[in-house]
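Presented below is the structure to which this report refers.
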Amino acid sequence: MKNRLKVLRAERDWTQAQLAFELDVSRQTVNAIEKGKFDPSLPLAFKAARLFGLAIEEIFLDDAAS
Amino acid sequence: MDESTDDSWQAENNRKAKNLAGWSIAWLGGTALLAFGPKYMWDYSTLPTLGAVLLNLVVGLAMVMALVRYISGLDELERKIFLDAAGLTLGVTLVCGSCYELLEDAKLIPYQPEISHLFYLMVISFAVSVFVGNRRYK
């Protein structure tokens with residue numbers, strides 16, 4: 001699953017550590033999600049959506065749909 | 001966004017890890033007491049041995065509970081890496097342990113298999129699995 005987490009983070013000038021702090025996960029987890037190596041759970045995806053003020057589908061993109 | 005140095009999630013995680021380390025050391029101490037106490041400390045007297053057995057079980061149970069709390073505090077990727085490693089360790093231990101146990105019956109080794117050898121295998125298997133898991137998601 002692709003995502004725009006890195007772009008959204010960069011737009012706000014946040015580091016991975018800062019984003020990890022806000023999401024209550026490790027920096028390694030943020031890095032793995034950004035690189036598409038790990039798909040977040042639905043609760044974590046909702047948390048990220050709330051944090052950025054966006055809908056989940058505006059952050060996480062279904063590979064099959066693209 | 002203000003990233004506090006007193007990171008609550010990370011701090012809580014570290015606290016649970018230290019708690020687990022403390023109970024693990026206590027369990028090792030309890031195991032050592034049970035292993036060597038009867039011979040070197042109280043000359044196989046029954047009551048102290050029963051006390052050491054009870055202590056070992058209680059501290060061991062506390063260690064398991066600390067492990068459960070530690071796992072519940074991990075984030076989802078850390079938990080996946082941990083559980084993958086635990087599953088692999090269980091499989092490796094089961095397969096190698098049963099095979100190892102049969103080696104003596106088949107007269108391929110001259111000594112009786114010891115459970116401590118399985119502990120070493122579990123530790124090595126778990127450590128390698130966690131290392132590989134962390135590398136995979138780096």
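The values are calculated or read from the model by the stated rules, or taken from the named source; none is laboratory data. Remember, it's a predicted structure, so these values are computed and weren't measured experimentally. Counting neighbours? That spans all protein chains shown, and the Cβs are built from the backbone with ideal geometry, glycine included. Areas reflect the complete protein model, heavy atoms only, side chains present, ligands, DNA and RNA absent. Shrake-Rupley method; radii C 1.70, N 1.55, O 1.52, S 1.80 Å.
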Within chain B, helix-based [θ] at 222 nm, where runs of 4 or more DSSP H residues each add -39,500 (n - 2.57), nearest 500: -29500 deg cm²/dmol
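Heavy atoms only, 1.4 Å probe, whole protein assembly: order A:V7, A:V25 by accessible area, highest first. Could the numbers behind the result be given before it?
Numbers: A:V7 75, A:V25 10 Å².
Greatest to least solvent exposure: A:V7, A:V25.
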For a label point 7 Å from the Cα of B:L61 along Cα→C-beta, name the residues of region B:16-40 whose backbone N is under 20 Å from it. B:20-35
Summarise the accessible area of the protein assembly as shown (1.4 Å probe, protein heavy atoms) by the percent that is carbon and sulfur. 65
What residues does region A:1-38 have that are buried by at least 50 Å² of accessible area in the full protein assembly compared to the chain on its own, 1.4 angstrom probe? A:Q18, A:F21, A:D24, A:Q28, A:K37, A:F38
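Ratio of alpha-carbon Rg to the 2.2 N^0.38 Å globular estimate for the protein assembly as shown, to two decimals, please. Before the final figure, lay out each step's value.
Numbers: Rg = 23.2 Å, N = 204, 2.2 N^0.38 = 16.6 Å.
Against the empirical 2.2 N^0.38 Å value, I get 1.40 for the protein assembly as shown.
Can you sort B:Y44, B:Y137 by 1.4 Å-probe accessible area, starting with the largest? Before the final figure, lay out each step's value.
Numbers: B:Y44 145, B:Y137 20 Å².
Heavy-atom accessible area, descending, gives B:Y44, B:Y137.
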Quick one: accessible surface of A:M1, probe radius 1.4 Å, all protein chains present, in square angstrom to the nearest 10. 70
Please say if region B:1-125 is rounded, prolate or oblate, where rounded means a/c under 1.5 for a ≥ b ≥ c the square roots of the C-alpha gyration tensor eigenvalues, and otherwise the choice is prolate for a/b larger than b/c and oblate otherwise? oblate
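For A:R50, A:R12, B:R135, what's the largest-to-smallest order of accessible area, 1.4 Å probe? Don't jump to the answer; show the numbers that get you there.
On the way: A:R50 165, A:R12 85, B:R135 145 Å².
Per-residue accessible area, sorted high to low, gives A:R50, B:R135, A:R12.
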For region B:70-103 the residues that are at least 20 Å² less accessible with all protein chains than alone, 1.4 Å probe, are B:D75, B:E76, B:L77, B:E78
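How long are the semi-axes of the equivalent ellipsoid of region B:27-99, defined as square roots of 5 times the Cα gyration tensor eigenvalues? Whole Å, largest first. List each step's numbers first, then the result.
Details: eigenvalues 218, 62, 12 Å².
The three semi-axes for region B:27-99 are 33, 18, 8 Å.
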Provide a list, ordered by number, of residues in region B:113-138 showing at least 40 Å² less accessible area with every protein chain present than when their chain is taken on its own, using a 1.4 Å probe. B:Y137, B:K138
Any idea of the accessible area per residue across region A:1-56, 1.4 Å probe, to the nearest Å²? 51
